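Take a look at the structure set out below.
Coordinate-derived values only; no laboratory data. This is a predicted model, so every value here is computed, not measured. Quick reminder, even Gly has a Cβ in these numbers, built from the backbone with ideal geometry, and neighbours come from all protein chains shown.
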Amino acid sequence: MRTRMYRLLWLAKILTRFAEIFYLISIFTIAFQLSHFPLYVMLISCFIIIGKYLGNSIALIIENQYVAIFQTVKIILLCFLLIFDMNHTLTLFLLYLITLFIAFFDGLFLPQLHRPHSLLSNREEMLVSNGFMSYIDALIPIGGWIIGVYLLVSESSEAVLALSAILSFLSLFIFYSIPSNKEVIVLKNPIYLLNWKQMIRGFQLNGLHFILFIEIIGKVVWMSSVLLIFIMNEFNKGIYWWGILNAFFFAGIVLAYYILMKYHSFFKTLQQKMILILSVLIGCLLLFMALNKSIYFACILFLLLGFCHQIKESLLYSNLLRNRKSDVINFLQHFGAIFTLILVFSIFVVGIVAETISIQWIYFIFSMLSFSLIPLYLFQKN
């Protein structure tokens, strides 16, 4: 961790993370300015998810030497997006199209950035560095959302987008200045590119898979696009509260990391009971969010939601991977495309609900979904 290679990798990851946050702030704001309809804003999230999934899939079968080209194209697209926005020639269709391609090239680059094992010398150092980077990944969004929204309010969405492009360029430059070996792992039969007929034919849900299904689509309520509509439509507050609520959510995640590390043995002993208790707590917190009318109470709720969500997710996936490793991994790998489409469809439905009824109904619906998992956690073996 004291080597020049690690420090450069650490810096490149931090710059990339800040660039991603600033990019999200700018494009969601631009989409909201072009159309105040919740559905149109949330469609941005759909294109980001689809683009990143396709990019991640193809990244498994290409060599590292092409990644610099793809990331350069992404930066060029960011510049085009900035020019169109500054000239007031940007349309929703063009925004969606550019967003899809930017997410695609991001999906190609990010797997390369998250491979520190090729730069570190031994297993012990790798474990420490991975834990350190996980903690940093949770800390960065707190400052990123506060700084990004402050720049948005004080300057403009164009300034935030320009800063994202600059940080992306610096990250790429630093990453490719790292001395490393050129060994490449190429998968001849990548799991993501399976035949669709085989995938659909073998898609059978049991209790465990249904739990994973609900947990994955439950992430919709934390998405930035949903929170932006929640702030603007329900509370009628300034956009800076968008950054504040996001920061509170990630502060809860950081607190969860600290508690998990400090009381690891306690959570390990009561793992299954804690997952059940946290499901009840998350359901109650989402219900309170649906009924809440105070922006200050919403900050507390999002802090608690981030805390409970992160602890539950850490306990759930560590438990699943330990007890049913092959089953869970094979299921998630083989049906990743189906789950991606389901997540995209869920966002689309959430956009329609927010546009036709009220976005607070979303928190009520997902509260009921969280409560629906309680019987499954009670009767699911291991």
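Annotations
- When only alpha carbons are used to place a centre, region 215-242 and region 281-295 end up 13 Å from one another.
- Sites Phe364 and Leu270 - FRET efficiency at Förster radius 35 Å, r taken between beta-carbons, to 0.05: 0.75
- Over 31 Å (Cα to Cα) - which of Lys52/Lys312; Lys74/Lys312; Lys13/Lys219 fall in this group: Lys74/Lys312
- For peptides 224-236, 345-357, 80-92, sequence by mean Cβ density within 10 Å, most packed first: 224-236, 345-357, 80-92
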